[in-house]
1. Quick test for you: out of 224, 207, pick the one residue that is at pLDDT 95 or above and in the same structural domain as residue 129 (by TED's automatic domain parsing).
2. I need a count of the residues in the stretch 5-57 that are touching a helix residue (DSSP H, G or I) at 6+ places or on another chain (Cβ under 8 Å) and touching a residue at least 12 places away in the same chain (Cβ under 8 Å).
3. How many residues does the stretch 1-29 hold that are in contact with a strand residue (DSSP E or B) (Cβ under 8 Å, 6 or more places away or on another chain), over 22 Å from residue 110 (Cβ atoms) and not in a strand (DSSP E or B)?
């Protein structure tokens, strides 16, 4: 049978999602935990790989198994074997045609910026501290220029291995709440470092270092060197993955 899981993790201690020969990936811990529960080797496929230091509250994975466990059994069993910074939030039996990556219709990320003179000890691993004043409304207006289907070469990492740089941003919102500036972006899929590079460009606009239409100029340049610095990974969280309603997956509790 095929099982889907919702996964949450603090990425601070990990070299990203992917299992690797050197470094510590979230995937390896999850597979080791599920292997104990299933009493057979388990390999999982995720909706979207996250980089070193990036977090997730709405990651989704699937795996195939011959073991019979209840959904409650998969959830509690997995969590009993996982470190405190990784946990399963839900488990659901799915049809064999479900695929965590290829069945997804969109992914959503949140980027959190602390915008004040004083740094935060509590959020040092969860938000980018920017002490220069930021105009969030200006950043939001600039960001709307990126909505739609475009060639996002200017916002992809140099080592990005995606076969095409074309992606469709369905929505991008920036808002300020007191000292916090929050970006939320939904797209059909993302390129490596795409959200971080967009965030860095918007921060330069929010500071007043660049005009609002600079986002358009960077996009049209198709040159990563024309954009802003990459925002640090620790402010980024994968908050949700959307699937067709026929799969009837549980709602992400932290989306």
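1. Selected residue: 207, the only one of 224, 207 that is at pLDDT 95 or above and in the same structural domain as residue 129 (by TED's automatic domain parsing).
2. Selection size over the stretch 5-57: 27.
3. Number satisfying all stated conditions: 2.
Rundown of residues vs (1) part of a strand (DSSP E or B); (2) under 20 Å from the mean Cα position of the chain (by Cα); (3) modelled with pLDDT of 95 or more, yes/no style:
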| residue | (1), (2), (3) |
| --- | --- |
| 133 | no, no, yes |
| 141 | no, no, yes |
| 149 | yes, yes, yes |
| 157 | no, yes, no |
| 170 | yes, yes, yes |
| 182 | yes, yes, yes |
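The values are calculated or read from the model by the stated rules, or taken from the named source; none is laboratory data. In this text, all values refer to a predicted model and were calculated from it rather than measured experimentally. Here Cβ is always computed from backbone atoms with ideal geometry, including for glycine, and neighbour counts include all displayed protein chains.
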